[in-house]
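What follows is a single structure, written as structure tokens, with notes after it.
The values are calculated or read from the model by the stated rules, or taken from the named source; none is laboratory data. This is a predicted model, so every value here is computed, not measured. So basically every Cβ, Gly included, is an ideal-geometry build from the backbone, and we count neighbours across all protein chains shown. Quick note on the areas: whole protein, heavy atoms, side chains included, nothing else; ligands and nucleic acids left out. Shrake-Rupley method; radii C 1.70, N 1.55, O 1.52, S 1.80 Å.
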Amino acid sequence: MTEQKDRELYHWLRLIREFESRVSALDKQGKLMGGVYSGKGQEAVTVGFCHDLRWDDWIFPLHRDLGAYLVKGADPKRLMAQIFGKRDGFAKGKDSYLHGGDLANGIFGSTSMLGATLPVAAGMAYKFKIRKEDRVAIAFFGEGASSRGDVHEAMNFAGVHKLPVIFVCENNFYAYSTPNELQFGVDNVADRAAGYGFKGEVVNGNDLHNVMKTAGKAIDRARKGDGPTLVECKTYRYHGHSEHDRADYRSEEEVITWESRDPISLWEIYLEKRKYDIAALRKEMTEEVTRIVEEAVAFAEGSPAPAGPEAMEDLYAMPIDTEAR
Amino acid sequence: MLVTYIEAIRQAMDEELARDGNVLLMGEDVGVLGGAFKASAGLQEKHGADRVVDMPISESLIVGAGVGLAVQGMRPILEMQFIDFISCGFDQIVNTAATLRYRHGGQTACPIVVRGPSGGGVHGGLYHSQNPEAWFCHVPGLKVVAPATAYDAKGLLKSAIRDDDPVIYFEHKFLYRRIKEEIPEGELLVPIGKAALRKEGRDLTVITYGAPVHAVMKAARDMSTEVDIEVVDLRTLLPIDWAAVKASARKTGKVLIVHEARLTGGIGGEVAARIAQDCFEELDGPVMRLAARDVHTPFAPAMEDYVLPNQGKITEAIRKLAAY
């Protein structure tokens, strides 16, 4: 890897961590409404799969993939405005968090019916296939969502038509509070890929090198017309399901174990081995990402709150006013 | 040319597939078989397997994939083999498709059509006779249409395919081959959101849609010496053409609403409430409703007939209202 890429990847890992930490802090200060679903601890999955995508590829983030928006090209200011429910957010205040996508950058907003984006991603990949476009769609989902019928339906269809879609399971071991042993009877979600006729892989989702290697192969395979891949990334979320969840269903020992495998620390260890001046780099990067996040917060706070009647906008492509008749 | 209701549906899809390369048809067995009712007979051969696509038995996928295609500028027609199965795609319709534009702040449209055979009268039993239009009329972001004639079946489907919003198109399987109509050659579009005045009358208005339109029209003809009936066919259930509804209610002062879907929570309740609120001064009697009884649509012929509205029940209801 080039020096520039080493730095870039570090930038994204740090920016996501800083952005999410700030969002959590804003939530604690009571400055945000609604749910905040931190992906802290899962940054390597996001960066690994999104960094090498082209602008015209598409991602279908799950509710914890705020970082994927940033890496795929969403403006941090607008993303923060989205979280604040302001007019400059992607949903213009009509919903918060990751329910408003940034379609110009190939980011599809999710619903709270987790796993429901997978059929949409498969449909989009079907278009890429029939129009012979070498583009890919990446659908992220949690191991909890893997229990839903939509996940099966999408993978089954993708297997039938060898679609250029990659299914990325971010297995952080808990669906809200429900552990994997109460969620499914197999060791790995990726084992199911065999049942759909395509390749399944399990990777250490905290090791960016590992994720990038696997992502690269899967993206390559999809672009070449060799069909889908199901990649399961074993990772861990540091926070609860949402900021309101204290996550005391997990042991302290377990959390400490995973913190010792922190994706950013692992990347810093790698950078040190590559003889970078890690102390200087860390300081420089802290300044860089703090500035971006500060600007985003200032922009979001300054963005106008939508007025009540704006709730009636954007429902139909051509507005229909049945009451006026 | 003289065409049946189902032939009108097939023509609409055929013409739109030919007119616009972004139109696709996706559904179970729509390809070589041509659909369970042959609505798409010959279309795969003509337009290719990439555009007339046999899908797995996965209604949620069919609708969700349609949304993905729509975001890419395609215009998918999504067939539910029987409209009863739409419940399996319900989440994708109400939470993904209907909210798509809204939650993206107007960044995109969602030009999908979900269509399939609805309705009873053919002894289809519980899972092949449903009229679930009211489920969807409660959902902002959707449009809902229910054609009663071959002309409307063709014209509304073509409009639905060209519409940038998600349209749920309820075709009535009882009508598929029972009605035939002369349809003009060339472009035929019926606007979404406009009711049709099927018959002018002075004494009483019947508001209806779908298969019951035909029974109501027959009743109006049969009873013409007794009572002069005006018949309004809603055609579009979301949004409803309130101007047409209120104009007719004000004109005759008496309104009966007839639909095949069950009474409780049906569209008739909404129509009745609006008329009661906005036309109260002009009414000469209570706004009445005739609908299916509040049970599932049963299999055995005598039971199905007991549950669904029919000619006799319509005549009886009209007499009762006319007597006010």
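Of these, A:Arg291, A:Arg221, which one is surrounded by fewer than 13 Cβ atoms within 10 Å (Cβ to Cβ) and free of Cβ contacts under 8 Å to residues at least 40 places away in the same chain?
On the way: A:Arg221 fails: surrounded by fewer than 13 Cβ atoms within 10 Å (Cβ to Cβ).
Criteria check complete, one pass: A:Arg291.
Across region B:90-110, what is the number of residues that are more than 7 Å from chain A (Cβ to nearest Cβ) and open to solvent by less than 10 Å² (accessible area, probe 1.4 Å)?
Count: 5.
In region A:88-116, what residues are out of contact with any Pro (no Cβ under 8 Å at 6 or more places or on another chain) and either at positive phi or assigned to a helix (DSSP H, G or I) (or both)?
Selection gives A:Tyr97, A:His99, A:Leu103, A:Ala104, A:Asn105, A:Gly106, A:Gly115.
For region B:132-192, which strands (runs of 3 or more DSSP E) that fit wholly inside it have 3 or more residues that are closer than 19 Å to B:Asn95 by Cα and touching a residue at least 40 places away in the same chain (Cβ under 8 Å)? Spell out how you get there, then give the answer.
Working: elements: B:143-145, B:167-172, B:180-182.
Ranges flagged: B:167-172.
Going by what's in this entry, would A:Ala139 be described as crowded, with 22+ Cβ neighbours inside 10 Å and touching a residue at least 12 places away in the same chain (Cβ under 8 Å)?
Working: crowded, with 22+ Cβ neighbours inside 10 Å: yes; touching a residue at least 12 places away in the same chain (Cβ under 8 Å): yes.
Criteria met by A:Ala139.
Output the number of residues of region A:63-81 satisfying the condition of being within 14 Å of another protein chain (Cβ to nearest Cβ) and either assigned to a loop (DSSP other than H, G, I, E, B) or farther than 24 Å from A:Pro119 by Cβ (or both).
Filtering region A:63-81 down to residues within 14 Å of another protein chain (Cβ to nearest Cβ) leaves A:63, A:69, A:74-75, A:78-79, A:81.
Imposing the further condition that a residue be either assigned to a loop (DSSP other than H, G, I, E, B) or farther than 24 Å from A:Pro119 by Cβ (or both) reduces the set to A:63, A:74-75, A:78-79, A:81.
Residues flagged as within 14 Å of another protein chain (Cβ to nearest Cβ) and either assigned to a loop (DSSP other than H, G, I, E, B) or farther than 24 Å from A:Pro119 by Cβ (or both) within region A:63-81 amount to 6.
Name the residues in region A:190-201 that are buried (at least 20 other Cβ atoms within 10 Å of the Cβ) and part of a strand (DSSP E or B), would you?
Residues of region A:190-201 that are buried (at least 20 other Cβ atoms within 10 Å of the Cβ), as a first pass: A:190, A:193, A:196, A:198, A:200.
The answer is A:Gly200, and nothing else.
Give me the residue from region B:30-78 that is open to solvent by 10 Å² or more (accessible area, probe 1.4 Å), touching a Ser or Thr at 6+ places or on another chain (Cβ under 9 Å) and under 26 Å from B:Gly125 (Cβ atoms) and, out of that set, farthest from the other protein chains (Cβ to nearest Cβ).
Per the criteria, the residue is B:Leu33.
Filter region B:11-29 for residues that are in a helix (DSSP H, G or I), open to solvent by 50 Å² or more (accessible area, probe 1.4 Å) and either in contact (Cβ under 8 Å) with a residue 24 or more places away in the chain or in contact with a Cys (Cβ under 9 Å, 6 or more places away or on another chain) (or both) and give the result.
Going residue by residue through region B:11-29, those that are in a helix (DSSP H, G or I) are B:11-19.
So of that shortlist, the ones also open to solvent by 50 Å² or more (accessible area, probe 1.4 Å) come out as B:15, B:18-19.
Correct list: B:Glu15, B:Ala18.
Yes/no matrix, rows are residues, columns are (1) touching a strand residue (DSSP E or B) at 6+ places or on another chain (Cβ under 8 Å); (2) among the charged types (D, E, K, R):
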position	(1), (2)
A:Pro76	no, no
A:Met80	no, no
A:Phe84	no, no
A:Arg87	no, yes
A:Phe90	yes, no
A:Phe108	yes, no
A:Ala121	yes, no
A:Met124	yes, no
A:Phe128	yes, no
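Conditions tested, residue by residue: (1) open to solvent by less than 60 Å² (accessible area, probe 1.4 Å); (2) among the charged types (D, E, K, R); (3) farther than 30 Å from A:Ala175 by Cβ; (4) part of a helix (DSSP H, G or I).
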site	(1), (2), (3), (4)
A:Ile256	no, no, no, yes
A:Ile264	yes, no, no, yes
A:Glu268	yes, yes, yes, yes
A:Glu272	no, yes, yes, yes
A:Tyr276	yes, no, yes, no
A:Ala280	yes, no, yes, yes
A:Pro306	yes, no, yes, no
A:Leu315	yes, no, yes, no
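Does B:Arg319 qualify as being assigned to a helix (DSSP H, G or I) and either open to solvent by less than 60 Å² (accessible area, probe 1.4 Å) or not aromatic (Phe, Trp, Tyr) (or both)? Walk me through it before giving the result.
Working: assigned to a helix (DSSP H, G or I): yes; either open to solvent by less than 60 Å² (accessible area, probe 1.4 Å) or not aromatic (Phe, Trp, Tyr) (or both): yes.
Answer is yes for this residue.
Name every residue in region A:20-57 that is outside any helix (DSSP H, G or I), crowded, with 19+ Cβ neighbours inside 10 Å and more than 17 Å from the chain's Cα centre (by Cα), in order of residue number.
Residue satisfying the conditions is A:Leu32 alone.
Report whether or not B:Gly125 is under 25 Å from B:Ala211 (Cα atoms), more than 16 Å from the chain's Cα centre (by Cα), within 11 Å of another protein chain (Cβ to nearest Cβ) and open to solvent by less than 20 Å² (accessible area, probe 1.4 Å).
Against the criterion (under 25 Å from B:Ala211 (Cα atoms), more than 16 Å from the chain's Cα centre (by Cα), within 11 Å of another protein chain (Cβ to nearest Cβ) and open to solvent by less than 20 Å² (accessible area, probe 1.4 Å)), B:Gly125 does not qualify.
Could you identify the single residue in B:Leu256, B:Leu197 that is part of a strand (DSSP E or B) and open to solvent by 10 Å² or more (accessible area, probe 1.4 Å)? I'd like the intermediate steps shown before the answer.
Details: B:Leu256 fails: open to solvent by 10 Å² or more (accessible area, probe 1.4 Å).
So the residue among B:Leu256, B:Leu197 that is part of a strand (DSSP E or B) and open to solvent by 10 Å² or more (accessible area, probe 1.4 Å) is B:Leu197.
Taking the stated definitions as given, is B:Lys46 among the basic types (Lys, Arg), without any contact (Cβ under 8 Å) to a residue 40 or more places away in the chain and either touching a strand residue (DSSP E or B) at 6+ places or on another chain (Cβ under 7 Å) or outside any helix (DSSP H, G or I) (or both)?
On the way: among the basic types (Lys, Arg): yes; without any contact (Cβ under 8 Å) to a residue 40 or more places away in the chain: yes; either touching a strand residue (DSSP E or B) at 6+ places or on another chain (Cβ under 7 Å) or outside any helix (DSSP H, G or I) (or both): no.
Judged against the criteria, B:Lys46 is not a match.
Can you confirm whether region A:227-243 contains a residue that is open to solvent by 60 Å² or more (accessible area, probe 1.4 Å) and farther than 21 Å from A:Met1 by Cβ? Reasoning before the result, please.
Looking only at region A:227-243, we keep the residues that are open to solvent by 60 Å² or more (accessible area, probe 1.4 Å), and these are none.
Checking region A:227-243: not a single residue is open to solvent by 60 Å² or more (accessible area, probe 1.4 Å) and farther than 21 Å from A:Met1 by Cβ.
Select from region A:110-134 the residues that are of a type outside the set (A, V, I, L, M, F, W, C), facing chain B (nearest Cβ under 7 Å) and either surrounded by fewer than 22 Cβ atoms within 10 Å (Cβ to Cβ) or without any contact (Cβ under 8 Å) to a residue 24 or more places away in the chain (or both) and list them in ascending order. Explain how you work it out, then say what you get.
Narrowing region A:110-134 to residues of a type outside the set (A, V, I, L, M, F, W, C): A:110-112, A:115, A:117, A:119, A:123, A:126-127, A:129, A:131-134.
If we keep only those that are facing chain B (nearest Cβ under 7 Å) as well, we get A:111, A:119, A:123, A:126-127.
If the condition is that a residue be of a type outside the set (A, V, I, L, M, F, W, C), facing chain B (nearest Cβ under 7 Å) and either surrounded by fewer than 22 Cβ atoms within 10 Å (Cβ to Cβ) or without any contact (Cβ under 8 Å) to a residue 24 or more places away in the chain (or both), then A:Thr111, A:Gly123, A:Lys127 are the ones that fit.
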